[in-house]
1. Under a cut-off of 29 Å between alpha-carbon atoms, report the lysines in cross-link reach of residue 78, not counting same-chain residues fewer than 8 places apart.
2. Starting from the 7 Å offset along Cα-to-Cβ, what nm value, one decimal, do you get for the label separation of residue 53 and residue 178?
3. Ordered by packing density, taken as the mean number of other Cβ atoms within 10 Å over each peptide's residues, highest first, how do 95-108, 34-47 rank?
4. Counting only the backbone N, which residues of the range 55-96 are under 20 Å from the spot 7 Å out from the Cα of residue 123 toward its beta-carbon?
Amino acid sequence: MATETPAPTETVEKPAEIVEQVVEQEPPVEEWDKERAKATILKLRAEEKEVKKQLKELEILKAEKASREEAEMTESQKATKRAEEAEAKASKLETDILRRDVIAETGLPAVFADRLKGITKEEMLADAQELAKTLPQLKSAPHIPPTNPSNASQNETDAQKRERLFGRQGNPFDMETIKAQGGGVVWNK
């Protein structure tokens, strides 16, 4: 039994023919109509107003349902609900305190406190150490003393301050001081 296969030229289309087919399949572009666009915009605005009105009604209904459910609760159910809320709040505060302690202990910036994972302090410490490994390490700058120290000696007198800043000043009329400093006019007697 011999099967006949089509010739390769019959099954392969030319690229130009494919492009023409794709161009022919595109839907025609509609021209812009000002009136139709205006009508569409007005319709969308009306729908938006209706949705906003429905959202307000939904919020009112949800609030009424919540108040109705709370009114139907027994005193023990209300106490249980308050206890659960208090426990959740206490748990959150405890976690926040642990995070703050871990941040202070590891020296990480405070902005990373929310990124710490874990429930126990040990888990948070391990996470903080992993986080610290990924951060670039800052090189400590050499210590440069301040030019205007706030802790300057308070018992320094004005004369001592002048001497410290300008050097030891002598009597400008003392001949020995003038000669030692290399200046002045010396008159012979």
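1. Cα-Cα hits under 29 Å: 56, 62, 65, 89, 92.
2. In this crude spin-label approximation the distance works out to 10.5 nm.
3. Final packing ranking: 95-108, 34-47.
4. Output list for this probe position: 87-96.
Each reported figure results from applying straightforward, stated rules to the coordinates on display, with no laboratory input. Just so we're clear, the structure is a prediction, and the values are computed from it rather than from any experiment. Neighbour counts are summed over all protein chains in view; Cβ atoms, including those assigned to glycine, are modelled from backbone coordinates with ideal geometry.
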